[in-house]
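Below is one structure, written out as C-alpha cells, with a few remarks after it.
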Amino acid sequence: MAANDTIADMLTRIRNANMARHQQTKIPSTRMTRSIAQVLKAEGFVNDFEEVGEGIERNLVVSLKYKGKTRQPLINNLKRISKPGLRVYSGRKDLPRVLGGIGIAIISTSHGIMTDREARRQGLGGEVLCYVW
C-alpha cells in the first residue's frame, strides 16, 4: 500500500474499526491525522484519542463512539474528497454543506484544520479534506 495518503488511510481505519464494532483503532500519527482527530472529537464523532509510542513509531489510538444497545456507530460514513491526485479547494463563499448541515466537512485552511461551519464563521476557504456524517 502506498503510504502517502495518510488521510485516506486514517478514514479507512476508522471506517473498518466502526464496521467491526471495535472500541479503538490505531492510526499512524502525523500533524494532519492529529488535527483531524481533534476535529472529530470536538464534533462528538469520537470519544477521545491519545498518542502512544516514540519517534517514528508514534500512533494515535482513537476511541470510537457508538449509540444505543445495538451499538450503532456514530459515524455513518467518512468520504475522502481532496485526493493527492486531485486536490479539491473551496472558496469561503462555496464551502460544502454535508447533508444539509447534519454532517461536517473537514477543511484545511490557512488557520489550521476545522469544520466547514467554523471556516464559514471565520470567512475562510481551503482544501476540502473529507466529509463525515
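If a/c stays under 1.5 just call it rounded; otherwise compare a/b with b/c (prolate if a/b is bigger, oblate if not). Do that for segment 53-122, with a ≥ b ≥ c from the square roots of the Cα gyration tensor eigenvalues. The shape class here is oblate. Quantify, in whole percent, the carbon and sulfur part of the accessible surface of the chain (1.4 Å probe; protein heavy atoms only). Roughly 50 percent of what the probe reaches on the chain is carbon or sulfur.
Taken about its Cα centre, the chain carries a charge dipole of roughly 520 debye when the Cβ of each Lys and Arg holds +1 and the Cβ of each Asp and Glu holds -1. Label-to-label distance, Val52 versus Leu99, with points set 7 angstrom from Cα along the beta-carbon direction: 3.0 nm. Here r is the Cβ-Cβ distance between Gln23 and Trp133 and R0 is 22 Å; the resulting FRET efficiency, rounded to 0.05, is 0.55. A 1.4 Å probe run over the protein chains yields, for segment 60-133, 54 Å² of accessible area per residue, whole-number rounding. Take the Cα of Lys83, step 7 Å toward its Cβ, do the same at Ala42, and the gap between the two points is 2.8 nm.
For a paramagnetic label modelled on Tyr66 (point 7 Å from Cα along Cα→Cβ), amide N atoms under 11 Å away belong, within segment 1-37, to 18-24. The helix-based estimate of mean residue ellipticity at 222 nm for the chain, built from -39,500 (n - 2.57) per DSSP H run of four or more residues and divided by its residue count, is -7500 deg cm²/dmol to the nearest 500. Just to confirm my numbers, what's the Cα centroid distance between segment 117-131 and segment 23-58 in Å? Between the Cα centres of segment 117-131 and segment 23-58 lies a distance of 20 Å.
Listed by chain and number, the lysines whose alpha-carbon sits under 16 Å from that of Lys65, ignoring those within fewer than 8 places in the same chain, are Lys26, Lys41. Over the chain, all Cα pairs binned in 10 Å intervals from 0 give whole-percent P(r) values of 12, 44, 34, 10, 0, listed from short to long.
The values are calculated or read from the model by the stated rules, or taken from the named source; none is laboratory data. These figures come from a predicted structure and were not determined experimentally. Every residue, glycine as well, gets a Cβ built from its backbone with ideal geometry; the counts of neighbours run over all protein chains shown. The protein model used for the area step is the full one, side chains on, heavy atoms only, and it has no ligands, DNA or RNA in it. Shrake-Rupley method; radii C 1.70, N 1.55, O 1.52, S 1.80 Å.
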